[in-house]
Amino acid sequence: MIRVELPAHLRTLAGVKGEVTLEVQGQVTLRSVLDALEAAYPMLCGTIREHGTLKRRAFLRFFACAEDWSHEPVDALLPEAVAMGKEPLLVVGAVAGGNGVL
């Protein structure tokens, strides 16, 4: 069982509260987890990855075991703690902008 934590706006869109649990067949990679997430919650298709290219949306980041996985190959194996359900895969809405002046 894979645990995934989504940002609030995606939880609202998917109609879920708290983290999502998914069954992933085969190797646990970012691609296989996102495929399972989109299969279970089709309303999320196109929100995390672009429709045609399946590339990560610019303002979303992926974290596993306190490490940024946003630029890792999508077919790289996720850490064992994520694959075993001990740690969640975090989908985080990135913060951008601002000039640092208050």
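Tabulated values for the structure
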item	result
Those residues of segment 4-21 which are outside any loop (DSSP other than H, G, I, E, B) and open to solvent by 60 Å² or more (accessible area, probe 1.4 Å), in sequence order	5, 9, 11, 12, 13, 21
Residues of segment 42-90 that turn out to be within 18 Å of residue 2 (Cβ to Cβ), among the β-branched types (Val, Ile, Thr) and either in contact with a helix residue (DSSP H, G or I) (Cβ under 7 Å, 6 or more places away or on another chain) or open to solvent by 80 Å² or more (accessible area, probe 1.4 Å) (or both), as a count	2
Residues of segment 25-64 satisfying the condition of being in a loop (DSSP other than H, G, I, E, B) and in contact (Cβ under 8 Å) with a residue 40 or more places away in the chain	27, 28, 48
Residue 24 being open to solvent by less than 40 Å² (accessible area, probe 1.4 Å), touching a Ser or Thr at 6+ places or on another chain (Cβ under 8 Å) and within 14 Å of residue 89 (Cβ to Cβ)	yes
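The values are calculated or read from the model by the stated rules, or taken from the named source; none is laboratory data. Keep in mind the model is a prediction, meaning the values are calculated, not measured. All Cβ positions, even for glycine, are placed from backbone atoms using ideal geometry, and neighbour counts span all protein chains on display. When the accessible area is computed, the model is the full protein with side chains, heavy atoms only, and any ligands, DNA or RNA have been set aside. Shrake-Rupley method; radii C 1.70, N 1.55, O 1.52, S 1.80 Å.
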